[in-house]
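What follows is one structure encoded as structure tokens, with my remarks underneath.
The values are calculated or read from the model by the stated rules, or taken from the named source; none is laboratory data. For clarity, every value in this text was computed on a predicted model and none was experimentally measured. No Cβ is skipped: glycine too gets one built from the backbone with ideal geometry, and neighbour counts run over all protein chains shown. The area values use the complete protein model at the heavy-atom level, side chains included, leaving out ligands, DNA and RNA. Shrake-Rupley method; radii C 1.70, N 1.55, O 1.52, S 1.80 Å.
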Amino acid sequence: MILNFFSSRGWQSWDVEQRPLIPEGMPVLVDDDLRFEDGPAVPRPTVVVNRWLRELPASGAPAPSSWENYARVVKEWMEFLAEHGVGLFDSRVRLKAALSRYAEHRAAGPLKARFAATTWGQHMSILSLFYRWAMHAEYATAEPFTYRAARALFAGTGREVKVNLAVRRTPKAHVTIKYLEPDFTELFRKGLRGLAPDGSQDTGFHGRELTRNAAVGDHALATGIRLQEFTYLLPWEIPALPPAPTAGPIPFPVPAGITKGKKFRTTWTSYEALAGLHDYLDLDRAATTEGSLWRPPRRWGEPLMVSEPDARGGLINEVRRPWDSLTPAERRRLVAPEGGSCLLAVKNGGGPFTAWATDRMMSASFDSAGVPAGRRDAPGEGSWSCRRCPKAVGRIAFLRMGESILLYQFML
């Protein structure tokens, strides 16, 4: 299918008396065979779509950029339907089946075909508008969407609205954060640095990558992000350090590709924790990855070679991709331009650090550190049940760090 844009230049030579009433720059969809009808008075679906597009300026979409966006959304939907033998105005049963397949394709299909939840919601809104128009104009007899009734409140006034069930959930404005007790937090931070409970050097354990462990541990404490989230962060997703130390919280975006439910959100971190990450990136991590020849194991899949990275994305195997579209499994296959893994935390040799301790090892480290049994619920991807404290924030999932970290590092 061809997407073209109308231009009235030279219309005087078109053998028409007046300039066509088509807005300048209006998108026009044309089938690959350049035909608009399958017979006399049998217009193709592209003709119907073009009529809808021409009405957009008078239907609340006056911007040419919106016209193009609407046209591309419908074009992609039509091309997907054609690949699966479903018509644009097919029966409701077939349209709903196609929509289910389309949702799976955009959520977990090929990397270049995936949509973030917000992009998917925008596409569903546009397609919903198109089908409602087509049904009102009697071009269509059914649509693929199901709605539920809801009540919207604004400035104390409520009204009934329809909610499209095909739209994915998006992040809420606030999330629940659980807190750690201050003494428990300090014990953990000392352990990550290879220190004994009294702050002296631990002579019974010689850890490795202590700077990495301390930086990531402090980051997890300050932000409260989950195990999977801080494990698969990329260096380019770390916010810039403010020019001067500040006592206020610093916004920390958590990319949708690694969050629970694939929902983007913004959490907060402290200046000290963020500075620790930047120190690790600039010194220890740079030294570990310099000249690294690391490549992902064959069982993980082909290497994803990164070039021209920036804060939003980079070229991955010569195709520009945003970071937040990458899943954890894909992120661990990324190879940095200068060599080594692209994950925030790396191990000796430049590979990604994703090894976690077993519950038994963690329990032994708690025993040696003298942590009471009542303060060590079973760890998990979420958080432990701890009493709230106004000073220390975090999810205890990061306590599952193992191998090099060995958690509290008080094991003899």
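Structure notes:
- Peptides 83-89, 94-100 ordered by average Cβ neighbours within 10 Å, highest first: 94-100, 83-89
- Förster radius 25 Å - calculated FRET efficiency between D282 and A247 (Cβ-Cβ, nearest 0.05): 0.60
- Extension gain, V319 to T146, is 58.7 nm, computed as 0.36 nm per intervening residue step minus the present C-alpha separation.
- Using the Cβ-Cβ distance between V16 and M135 with R0 = 30 Å, the FRET efficiency computed as 1/(1 + (r/R0)^6) comes to roughly 0.40.
- Annotation: the antiparallel percentage among DSSP beta bridges lying fully within segment 278-349 is about 80.
- Highest-first arrangement of 211-222, 343-354, where packing means the average Cβ count within 10 Å: 211-222, 343-354
- Exceeding the 23 Å Cα-Cα cut-off - candidates K190/K347; K162/K260; K75/K162; K75/K96; K112/K262; K263/K347: K162/K260; K75/K162; K263/K347
- Length available on full extension from R312 to A113: 0.36 nm per residue minus the Cα-Cα distance, which gives 69.9 nm.
- Working ranking of peptides 143-153, 6-16 by packing, defined as the average number of other Cβ atoms within 10 Å per residue, highest first, is 143-153, 6-16.
- Taking label positions 7 Å along the Cα-Cβ direction at both R101 and A240, the computed distance is 4.7 nm, reported to one decimal.
- For segment 1-137, the solvent-accessible area of protein heavy atoms averages 55 Å² per residue (probe radius 1.4 Å; ligands and nucleic acids excluded).
- Taking a Cβ cut-off of under 11 Å around T327, the surrounding Lys, Arg, Asp and Glu residues balance to a net charge of +3, with basic ones at +1 and acidic ones at -1.
- For a paramagnetic label modelled on F264 (point 7 Å from Cα along Cα→Cβ), amide N atoms under 19 Å away belong, within segment 51-76, to 66, 69-70, 73.
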